[in-house]
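J.: Here you go, one structure.
The values are calculated or read from the model by the stated rules, or taken from the named source; none is laboratory data. Small disclaimer: the values here were computed from a predicted structure and weren't measured. Cβ coordinates were reconstructed from backbone atoms using ideal geometry, including for glycine residues, and neighbour counts include every protein chain displayed.
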Amino acid sequence: MLEIFCAIYPEAKPLIETFHLKKERNTVFDQFSNEDHTIRCTLTGVGKENASAAVTMTLMHSSHPFVLSYGCSAYLDQEATGLFQACSICDIDTGIAYYPDLLIATDCKECGFFTGSQLLQDDINPRSTLPVPFDLKVYLESMHYKYPSYYLYDMESSAVYQSANRFVGPHEMMFLRYTTDQDARSIHADEVYRRSKENIPVLEQIIQKIFVFHEEEKKEMDTVVQQFKDKIHASTTQVNQIDQIVMYCMSAGIDYVSILHELLKQDIQEKEDGKRVLNAFQRRCCGE
């Protein structure tokens, strides 16, 4: 499942139109999915608390998700067009930085995202006056060599990363933003929608790459599981047991592949060795 998170409807509307997403019923947050349930778009609402709640509730019931955070942002240094991908996300309220992996090649400009709890306004410039636990202006200037032109500001990215990281790894998250303003009071819903729609062709290509990446990753996972079954000479009962453990790990966001790689290094000669290793797999994954 590709789980797309947008803060507001105008950001998501072009996605909903392009991928023919239909609104789901009886959901706490507004959610839209396609017929084969491979893409779901969730509207989180504005701000870190809303984003954290929406991501957590969604991923608790998602099977092997890939998280795509998409929407508009304010620009801090200079206006720029196109789609930007986060190579770092700094929460300016806490000073904590997060680093999504950039394993999927895109044509997007890479830059630093900054997430705060206040709307960006011209007379509350985060480069100098926003009350944060460090001087953001100094921080930006110290990073100038790495991000020479663009710094984007939003109100959700750090919360999306922090909440999603309980369920998926940094390589299973992507953060994309397009710019709209330097002052939240000057932007309107029509402009947010228009600029989102302009980026749909690029976004379609990226989503296709995500599915290819996800499918390759799934094949690798299936291969490792089969290797484990073969190595312990699993009986039909043990095969079912392994499948149940894997399903539990996928729903709980447990990295069972790394555990299997480690267990595959063990010497297994006898049937009892296989039982011992399988029990170790279950204990490490399920705590039993």
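J.: How about region 1-69: which strands (runs of 3 or more DSSP E) wholly inside it have at least 1 residues that are in contact (Cβ under 8 Å) with a residue 60 or more places away in the chain?
T.: Passing ranges, in order: 2-6, 39-43.
J.: Here's another thing I want to ask about it. If I ask for residues that are in a strand (DSSP E or B), among the acidic types (D, E) and either at pLDDT 95 or above or surrounded by fewer than 22 Cβ atoms within 10 Å (Cβ to Cβ) (or both), which ones from region 154-201 would you list?
T.: Within region 154-201, D181 is the sole residue that qualifies.
J.: I need the full set of residues from region 186-204 which are free of Cβ contacts under 8 Å to residues at least 12 places away in the same chain and either touching a Lys or Arg at 6+ places or on another chain (Cβ under 6 Å) or more than 22 Å from L119 (Cβ to Cβ) (or both), in order please.
T.: Result: P201, single match.
J.: Here's something else I'd like to know. What single numbered condition from (1) surrounded by fewer than 17 Cβ atoms within 10 Å (Cβ to Cβ); (2) in contact with an Asp or Glu (Cβ under 9 Å, 6 or more places away or on another chain); (3) under 22 Å from G169 (Cβ atoms) fails to hold for K48?
T.: (1)
J.: Something else: Considering each residue of region 103-138, count those that are in contact with an Asp or Glu (Cβ under 7 Å, 6 or more places away or on another chain) and either among the polar types (S, T, N, Q) or modelled with pLDDT of 85 or more (or both), and give that number.
T.: The qualifying residues number 5.
J.: Out of all the residues in region 248-274, which are surrounded by 14 or more Cβ atoms within 10 Å (Cβ to Cβ) and either farther than 30 Å from M1 by Cα or over 24 Å from the mean Cα position of the chain (by Cα) (or both)?
T.: L260, L263, L264, I268, D273, G274
J.: I would also like to ask the following. Residues of region 40-79 being aromatic (F, W, Y) and modelled with pLDDT under 90, which ones?
T.: Y75 - this is the single residue of region 40-79 that is aromatic (F, W, Y) and modelled with pLDDT under 90.
J.: Within region 9-25, identify whether any single residue is surrounded by 15 or more Cβ atoms within 10 Å (Cβ to Cβ), basic (K, R) and under 24 Å from Y151 (Cβ atoms), and answer yes or no.
T.: no
J.: Now for a different question. Give the residue that is nearest to the chain's Cα centre (by Cα), with candidates limited to residues of region 218-237 that are part of a helix (DSSP H, G or I) and without any contact (Cβ under 8 Å) to a residue 12 or more places away in the chain.
T.: K219
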